[in-house]
1. Every residue in the range 82-136 that is β-branched (Val, Ile, Thr) and open to solvent by less than 10 Å² (accessible area, probe 1.4 Å), please.
2. Can you report the number of residues in the range 192-225 which are surrounded by fewer than 18 Cβ atoms within 10 Å (Cβ to Cβ) and over 18 Å from residue 130 (Cβ atoms)?
3. Please verify whether the range 106-117 includes one or more residues that are under 23 Å from residue 236 (Cβ atoms) and assigned to a loop (DSSP other than H, G, I, E, B).
4. Can you confirm whether the range 74-84 contains a residue that is of a type in the set (S, T, N, Q), without any contact (Cβ under 8 Å) to a residue 40 or more places away in the chain and either under 16 Å from residue 242 (Cβ atoms) or assigned to a loop (DSSP other than H, G, I, E, B) (or both)?
5. Assess whether residue 202 counts as being assigned to a strand (DSSP E or B), closer than 12 Å to residue 177 by Cα, in contact (Cβ under 8 Å) with a residue 12 or more places away in the chain and not hydrophobic (A, V, I, L, M, F, W, C).
6. Out of all the residues in the range 226-240, which are open to solvent by 50 Å² or more (accessible area, probe 1.4 Å) and farther than 15 Å from residue 203 by Cβ?
Amino acid sequence: MSQSTENTTESNPFTKPGFIIAAVLVVALLAAGMVIFLLPKGQSDAQPASPTPGTGSTPAASASAAGSSVCGLPTSTETSLGAAPETKWELVGTMAAPTDPQIGPGKTDAQGIRSCFAHTPKGALYAAVNLWALGSDPSKERAIAEQLAAKGPGREAGMKAPQTQAPASAVKIQIAGFNVSYTANQAVVDLAFKADNGALASVRTTLLWQDGDWKGVVADNGAPLEEPRQIRDLSGFIPWSGA
């Protein structure tokens, strides 16, 4: 006999308040607010999808797609990233984020918003991780939308969205791995996350090169382009973590 939905939920410790993590999905959840992406470990065969720039509904890249970094960081002709970069990690909100003087962030303002990354695959990776780390602090939502979101209706929706109040959670997440698909004006960064109880999830972040920096892309209503998905392990990802 199959269990009722109620009984199944109650018997699953990962669905109880103490085991649920809700995190601001940086730009991708500015309007939508929260997403639960700590899922029961080991119940999915999902593998990281192959991110392909140019798919889906995204704003057009600015005319400066081939331009240099707004703060003078390097530009390269590289289009792939096959190994984990050696880097310094800094705690941003509750998440460790990478930093390198030649990759970024090149600027940190008075609100703690980290911006200006190299026009390279590494720069796109660092930008995506720093977006996620900034998103772990709900007080920065409005500033993230204003400064780090790609131009378009999604950015405007994020700036008008009510401030999110994050529920308390004893569970923390950190970056565990990545994949980067890259062109000169757009990058799709597939990030794997690991919670401190061992659960794994991944989500793809789309970035556009606009006005000399990488900007996060959202749907027109400010909701995520893609939902996080559960993964069983880090197969298919390049392992990389700072905590």
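The values are calculated or read from the model by the stated rules, or taken from the named source; none is laboratory data. Since this is a predicted model, take the numbers as computed values, not measurements. Positions of Cβ are generated from backbone atoms using ideal geometry, with glycine treated the same way; all protein chains shown enter the neighbour counts. Just the protein is used for accessible areas: all its heavy atoms, side chains included, with ligands, DNA and RNA removed. Shrake-Rupley method; radii C 1.70, N 1.55, O 1.52, S 1.80 Å.
1. Residues satisfying the conditions are 113, 129.
2. 5
3. Taking every residue of the range 106-117 in turn, none turns out to be under 23 Å from residue 236 (Cβ atoms) and assigned to a loop (DSSP other than H, G, I, E, B).
4. yes
5. Against the criterion (assigned to a strand (DSSP E or B), closer than 12 Å to residue 177 by Cα, in contact (Cβ under 8 Å) with a residue 12 or more places away in the chain and not hydrophobic (A, V, I, L, M, F, W, C)), residue 202 qualifies.
6. 232, 233, 235, 239, listed by residue number.
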